[in-house]
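To keep things clear, I will list the structure first and then write my remarks on it.
What follows draws every value from the coordinates through simple rules; no lab data is involved. This one's a predicted model, so the numbers in the text were calculated from it and none came from an experiment. Counting neighbours? That spans all protein chains shown, and the Cβs are built from the backbone with ideal geometry, glycine included.
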Amino acid sequence: MVQWSDAGAYQPENLGDASFEVIQIELKTQGTAADEAVIRASAPAWAAVYDATDADTLAAMYREDSVLYPPGSPAANGGAEIREFLAGDSAATKAAGLTLNIPEAGAVHVSGDLAYEAGTYSVTDASGATVDTGKYIGVFQKRDGKWLYIRLR
């Protein structure tokens with residue numbers, strides 16, 4: 001689940017029996033318009049490269065110590081695992097005649113060298129019919145002047 005909340009005091013509490021994981025990001029200051037534009041363009045670019053089954057370019061969009069949390073699969077930790085997962089997953093998606101669509105990031109916020117994007121995606125079949133929809137959130141870190149994913153779900 002991806003969730004956005006306005007500023008306030010939050011303390012997650014597990015009321016169930018199953019374990020859960022929370023990634024809570026608090027961004028305090030605004031980034032530049034140029035940084036926000038880079039982050040906003042990242043998700044559509046990611047989807048286009050995924051649909052092209054270019055695992056090397058996809059993996060280059062992540063820091064080496066990143067974690068990818070793909071739906072229905074175990075986390076992929078680090079560049080090699082991320083590349084391996086994305087190579088297999090994008091090839092299987094293409095072989096099934098499916099296309100991932102991310103028109104643009106919804107919410108984007110930049111604070112210093114950290115940023116996040118959140119939005120929705122759809123998956124269409126060869127006829128153009130939508131077969132899946134969902135939400136995603138990506139967390140970035142800027143290092144050496146380049147924004148790279150550090151977490152993606």
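Does the stretch 61-99 hold any residues that are among the acidic types (Asp, Glu) and either closer than 20 Å to Val131 by Cβ or assigned to a helix (DSSP H, G or I) (or both), and which are they?
The initial filter retains those residues of the stretch 61-99 that are among the acidic types (Asp, Glu), namely 64-65, 81, 84, 89.
Correct list: Glu81, Glu84, Asp89.
Taking the condition among the β-branched types (Val, Ile, Thr) and either within 24 Å of Glu21 (Cβ to Cβ) or in a strand (DSSP E or B) (or both), does Thr133 pass? The answer is yes for Thr133.
Could you list all residues from the stretch 90-109 that are under 15 Å from the mean Cα position of the chain (by Cα) and either surrounded by 15 or more Cβ atoms within 10 Å (Cβ to Cβ) or basic (Lys, Arg) (or both)?
So in the stretch 90-109, the residues under 15 Å from the mean Cα position of the chain (by Cα) come out as 90, 100-109.
Across the stretch 90-109, the qualifying residues are Ser90, Leu100, Asn101, Ile102, Ala105, Gly106, Val108, His109.
Restricting attention to the stretch 127-152, the residues that are of a type in the set (Lys, Arg), touching a residue at least 12 places away in the same chain (Cβ under 8 Å) and surrounded by fewer than 18 Cβ atoms within 10 Å (Cβ to Cβ) total 3.
Once the stretch 110-126 is narrowed to residues that are closer than 27 Å to Gly97 by Cβ and in contact with a Gly (Cβ under 9 Å, 6 or more places away or on another chain), the residue that is surrounded by the most Cβ atoms within 10 Å (Cβ to Cβ) is Gly119.
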